[in-house]
1. Looking at the range 173-189, which of its residues are in contact (Cβ under 8 Å) with a residue 24 or more places away in the chain and either at positive phi or surrounded by 12 or more Cβ atoms within 10 Å (Cβ to Cβ) (or both)?
2. From the list Ser36, Ser73, Ser45, which residue is farther than 29 Å from Asn130 by Cα and either touching a residue at least 24 places away in the same chain (Cβ under 8 Å) or in contact with an Asp or Glu (Cβ under 9 Å, 6 or more places away or on another chain) (or both)?
3. Of the residues that sit in the range 20-30 and are under 15 Å from Ser74 (Cβ atoms) and at pLDDT 90 or above, which one is surrounded by the fewest Cβ atoms within 10 Å (Cβ to Cβ)?
4. Please state which of the following conditions Ser189 fails to meet, knowing it meets all the rest: (1) within 36 Å of the chain's Cα centre (by Cα); (2) at pLDDT below 95.
5. Could you list, in sequence order, all residues of the range 136-172 that are surrounded by 11 or more Cβ atoms within 10 Å (Cβ to Cβ) and not in a helix (DSSP H, G or I)?
6. Enumerate the pairs (first residue in the range 131-158 and in the same structural domain as Val178 (by TED's automatic domain parsing); second residue anywhere and of a type in the set (S, T, N, Q) and surrounded by 14 or more Cβ atoms within 10 Å (Cβ to Cβ)) with beta-carbon separation below 7 Å, excluding pairs fewer than 6 apart on the same chain, so at least 6 apart or on different chains.
7. Search the range 86-95 for residues being under 14 Å from Ile52 (Cα atoms) and not hydroxyl-bearing (Ser, Thr, Tyr), and hand back the single one that is farthest from the chain's Cα centre (by Cα).
8. Taking the condition hydrophobic (A, V, I, L, M, F, W, C) and either modelled with pLDDT of 95 or more or not in a helix (DSSP H, G or I) (or both), does Ile123 pass?
Amino acid sequence: MDSALIVCGSDKGIQVISKLMNDNAKTQTSSAKSSSEARRLINDSDYDIIVINAPLPDEFGDNLAVTITEISSSGVILIVNNEMVDDISAKVENYGVLIIAKPIIRQVFTQTQKFALASNRRIMGLKSENISLQQKIEEIRIVTRAKCVLIQYLNMTESQAHRYIEKQAMDMRTSRQVIAQNILKTYES
């Protein structure tokens, strides 16, 4: 189930947007009536999609939309009056904010919601891949340091040090990183 935050100054607007969202897919929705309340909720929770119905009581909503794209991976939809679409779009489209004009057309909202959720999933996949790559880089860094220690203290060649770490990892049924950390603890303390 997708999670959503609806930021709107009126209860009626929140109900309408919530109904539109739940017509398309089951969505667990939270709501905020101001940008400051929305910022607090965003700091406390992650949302798949955030819909902002502008204007808000404490700001228009475009700055909030841009801020959200900078601090989270949520898909952001900004709903604005038809006359303002071009001006607001020019400000926020480079940040990945999707714009919908009022009055809201159900099909346009549905397509925009699906697009925002798809982009959120793609960003989350890239984040996961990035974390995995960072962990691999860290493992390589530690193993390389351990090889240098073996070369320095035990006069091994690079290939001997590499083979030693690999063999220890296989024999002890553990990762190369754990073996490398043990080597570093032994010789660098």
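1. Hits for the range 173-189 are Ser175, Arg176, Gln177, Ile179, Ala180, Gln181, Ile183, Leu184, Tyr187.
2. Going through Ser36, Ser73, Ser45 in turn, the sole match is Ser36.
3. Filtering first and then ranking leaves Gln28.
4. Only one criterion in (1) within 36 Å of the chain's Cα centre (by Cα); (2) at pLDDT below 95 is unmet by Ser189, namely (1).
5. Met156, Thr157, Met172
6. Glu139/Gln177; Ile142/Gln177; Ile142/Gln181; Val143/Gln177
7. Here the residue is Ile88.
8. When the stated conditions are applied, Ile123 does not pass them.
The values are calculated or read from the model by the stated rules, or taken from the named source; none is laboratory data. What you see is a predicted model; the values in this text were computed from it and never measured. Neighbour counts run over all protein chains shown; Cβ positions are idealised from the backbone, glycine included.
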